[in-house]
Amino acid sequence: MDSSTETKKTGLYDRHVALGAKIVPFAGYYMPIQYSGIIDEHMTVRQHVGMFDVSHMGEFEIRGADAEKFLNKMTTNNVARLDPGNIQYSAMLYDDGGVVDDLLVYRFEDHYMAVVNAANLQKDFDWLAEHISGDVQLRDVSDETALLAIQGPKAEQIVAELSDVPVEDITYYKFKLGKVAGQDCIISRTGYTGEDGFELYVKSTIASEVWDAVMEAGKPHGIKPIGLGARDSLRLEVAYCLYGNDIDKTTNPIEAGLGWIVKSKKKGGFIGKQPVLDKKTELTRKLTGFILNGKGIARHGCEVYHNGEKVGYVTSGGLSPVLNKIVGLAYIDLPFNKIGTEIEIDVRGRRLAAELVAIPFYNRENS
């Protein structure tokens, strides 16, 4: 087998095995899908705190005098507005406005870091490399970087106990360089679960030491390891887009409700800009939330009907453990996307009743 196609193991693989995780190949890595069970892990994050190994995510360093100009051309958000220590959610687009990937951009004193989705890592790197111009150096540091995410109401207490920097000063979408459990670390505060939380970027070679320290410090707070299954149900409850489901090369960010990360007025041109501007005035469908009333789960690709007419398709669906209801996201043709509209979803040949609802389904501020 070509070594480039071999399934990799993160630096924490042995920890997952020892903890009894169900492990499957995912995005080129053997990853833990669940430990104690998806619902239990989901509620642990909502009520207490959990830790994820997301070391499969991709990290690219971008350096050089023209790095800012380059990233502003490649991404939809305005990189020029980033001060050192700040993070930006953004997207890369194809020429026709379809989404290459959604990503995070970290601004350091002398360089930038882009954090991309695991399944898109090579595609994203190639896309960026193809468009380099001027004084720009692009480097893939994914293999040498481990990423731990500590999420939940008790996350700050745990990270504060182990960190040598005041983590309470790290506000939402900010980061600091410091030490956690005595190890050099990038400590950021973004999250993909709808809860408060931190991300710890460390060298892959010492990831297990940091993992062990966090698990030990988290014992009094009920910490548990969390798999990718609960990561998906947590993000669905807060209606965060998942690449490959809710956004892909066929979707425009305006349709997906991501217009807020598209800065078309206060920055120069970027790849896909005109199709995004056009979509603002020619919108024909919108990503919308629904709650299923019938028994069953509406998965990606299920067709949506209104009064017998096909009006869309499901992109994500599953159980919301907090609501104890089946929820999901779907692209719905206008004007049928109004909140409260009754729809039917074809699930394995059965038309199940559902209703379009406001998203997110869960908001910790109102819970």
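The values are calculated or read from the model by the stated rules, or taken from the named source; none is laboratory data. Everything numeric in this text was worked out from a predicted model, so none of it was measured. Glycine also receives a Cβ, built like all others from the backbone with ideal geometry; neighbour counts cover every protein chain displayed.
Of the listed requirements (1) basic (Lys, Arg); (2) outside any strand (DSSP E or B); (3) touching a strand residue (DSSP E or B) at 6+ places or on another chain (Cβ under 9 Å); (4) surrounded by 14 or more Cβ atoms within 10 Å (Cβ to Cβ), Lys295 misses just one: (4). All conditions in (1) part of a loop (DSSP other than H, G, I, E, B); (2) in contact with a Pro (Cβ under 9 Å, 6 or more places away or on another chain) hold for Ser233, with the sole exception of (1). When the residues of segment 16-27 are narrowed to those that are crowded, with 17+ Cβ neighbours inside 10 Å and out of contact with any Asp or Glu (no Cβ under 8 Å at 6 or more places or on another chain), which ends up nearest to Lys123 (Cα to Cα)? The residue in question is Ala27. Within segment 135-152, the residues that satisfy the criterion of being part of a loop (DSSP other than H, G, I, E, B) and over 15 Å from Phe52 (Cα atoms) are Asp135, Val136, Val141, Ser142, Asp143, Glu144. Can you tell me which condition Cys241 does not meet? The list is (1) closer than 22 Å to Val314 by Cα; (2) modelled with pLDDT under 95; (3) not acidic (Asp, Glu), and all the others hold. Failed condition: (2). Screening segment 164-195 for residues that are surrounded by fewer than 20 Cβ atoms within 10 Å (Cβ to Cβ) and polar (S, T, N, Q) and picking the one that is farthest from Leu103 (Cα to Cα) gives Gln183. Within segment 141-166, the set of residues being more than 22 Å from the chain's Cα centre (by Cα) and without any contact (Cβ under 8 Å) to a residue 60 or more places away in the chain comprises Ala160, Glu161, Leu162, Ser163, Asp164, Val165, Pro166. The set of residues in segment 65-118 being charged (D, E, K, R) and part of a strand (DSSP E or B) consists of Asp101, Asp102, Arg107.
Candidates in segment 299-344 are the residues that are among the β-branched types (Val, Ile, Thr) and over 13 Å from Asp246 (Cα atoms); of these, the one that is surrounded by the fewest Cβ atoms within 10 Å (Cβ to Cβ) is Ile339.
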